[in-house]
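See structure below.
The values are calculated or read from the model by the stated rules, or taken from the named source; none is laboratory data. This one's a predicted model, so the numbers in the text were calculated from it and none came from an experiment. Reconstructed Cβ throughout: ideal geometry from the backbone, glycine too, with neighbour counts over all protein chains shown. Side chains included, ligands, DNA and RNA excluded: accessible areas come from the protein's heavy atoms. Shrake-Rupley method; radii C 1.70, N 1.55, O 1.52, S 1.80 Å.
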Amino acid sequence: MKLNMNNFDALTFDVYGTLIDWEPTIISMFHSTAEQHGVELSRDQLLMEFDKARAALQRIRPALLYPDVLRESYRQFCASYGMPVNDQECEVYANSVMLWPTFEDTRNAMATLQKRYKIGLLSNIDNTSIQFSERKLGIKADVIVTAENVNAYKPDHAHFESAFEAFAAMGIPKERILHVGQSLRADVIPANQLGISCVWIKRPGRSLGSRPEDAQGAKADLELDTMRELALYHVAQQALL
């Protein structure tokens, strides 16, 4: 086992894509709009339409709140294909975070890991939306950093630096923090740049942030498919103590 999890006292997690399974809901909602107007797009095309809009919107400073990112992503998608904007539908998009489910292995894995580690959640989301998701995770996080808190979106280092400060106040230096994320672009690469260890949870079948064009320079200390595997990896190492 090349990564010794006993060397860490805190785990920080990307939330959406790693713990919360958001891609299917986004695809389904965009498909619903497209289908109403006879626009035929594949699942990958629908996801890329969202990602294209998201990427541009998250570069705006000061940073938009995530419901505004979702709201404007919908409007841009409609404009791209000449579809009329429905204000009610737009608001469903804007508030869709509460509809995003956890991956089926998330709650059990987090319950196992929180017995040993302090938990941090680092997310490109707003403070209101993260509350829905934290309850779905079945935990109470020790540290939460959102885009609303730091006025920036990952991979901006502000998320990580804010978490470092919060954990330092608990007596945990950044060297004792392990970051866990699905996105090579938004999680693994900044972890590499900041000199902290990281785990890449690949989540097969999910692609945002981890396509080949997102992976240049990314190097995880451990690669696993699921959170269940991470929990089992931890348990196996604990058994060796």
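Rank HIS37, THR12, PHE103 by how far each Cα sits towards the positive end of the charge dipole of segment 1-105 (+1 on Lys, Arg Cβ; -1 on Asp, Glu Cβ) and give me just the farthest.
THR12
Take each of the peptides 205-212, 7-14, average the number of other beta-carbon atoms within 10 Å over its residues, and list them starting from the highest.
Per-residue Cβ counts within 10 Å, averaged per peptide and sorted highest first, yield 7-14, 205-212.
Using 25 Å as the Cα-Cα cut-off, could you pick out the over-long pairs in LYS2/LYS154; LYS2/LYS136; LYS118/LYS154?
Too far apart for the 25 Å limit: LYS2/LYS154; LYS2/LYS136.
Extension gain ARG176-ARG43, at 0.36 nm per residue separation less the Cα-Cα distance, in nm?
Length gained, ARG176 through ARG43: 43.9 nm.
Assign one of three labels to segment 99-138, namely rounded, prolate or oblate, based on the Cα gyration tensor with a ≥ b ≥ c the square roots of its eigenvalues; rounded applies when a/c is under 1.5, prolate when it is not and a/b is larger than b/c, and oblate otherwise.
Cα axes put segment 99-138 in the oblate bin.
Once the Cα gyration tensor of segment 22-95 is found, what semi-axes does its equivalent ellipsoid get, as square roots of 5 times the eigenvalues, in whole Å, sorted largest first?
Gyration-tensor ellipsoid for segment 22-95: 19, 13, 11 Å.
Using a 7 Å offset from the Cα along the Cα-to-Cβ direction at both LYS202 and VAL235, what is the distance between the two label points in nm, to one decimal?
2.2
Per residue, how much accessible surface does segment 152-241 expose to a 1.4 Å probe? Answer in Å², no decimals.
Result: 44 Å² of accessible area for each residue.
So if I restrict to the alpha-carbon atoms in the chain, what is the Rg, and what is Dmax, the biggest pairwise distance, in Å?
Rg and Dmax of the chain, Cα atoms, are 18.0, 62 Å.
Please say if segment 63-200 is rounded, prolate or oblate, where rounded means a/c under 1.5 for a ≥ b ≥ c the square roots of the C-alpha gyration tensor eigenvalues, and otherwise the choice is prolate for a/b larger than b/c and oblate otherwise?
Here segment 63-200 falls in the prolate category.
Label-point separation (nm) for GLU91 and GLN216, each offset 7 Å from Cα along Cα-to-Cβ?
A separation of 4.3 nm, rounded to one decimal place.
Based on the inverse mean of 1/r over its pairs of different Cα atoms, what is the Kirkwood hydrodynamic radius of segment 67-134, in Å?
14.3
Which value at 222 nm does the chain reach when only helices count, each DSSP H run of 4 or more adding -39,500 (n - 2.57), with the total divided by all residues and rounded to the nearest 500 deg cm²/dmol?
-13000 deg cm²/dmol, from helical runs alone.
GNM on the chain, C-alpha springs below 10 Å: top fluctuator among ALA158, ALA168, ALA94?
The residue with the greatest mean-square fluctuation here is ALA168.
What is the gain in length, in nm to one decimal, between ARG59 and ASN7 on full extension, counting 0.36 nm per residue of separation less the C-alpha to C-alpha distance?
Taking 0.36 nm per residue and subtracting the Cα distance, the gain is 15.2 nm.
Of TYR81, TYR153, TYR93, which has the largest mean-square fluctuation in a 10 Å C-alpha GNM of the chain?
Top of the fluctuation ranking is TYR81.
Compute the acute angle (0 to 90°) between the alpha-carbon long axis of helix 227-239 and the principal axis of greatest extent of the alpha-carbon atoms of the chain; round to the nearest 10°.
For 227-239 against the chain, the angle is about 0 degrees.
If you average the C-alpha positions of segment 112-150 and of segment 166-241 separately, how far apart do those two centres end up, in angstrom?
16
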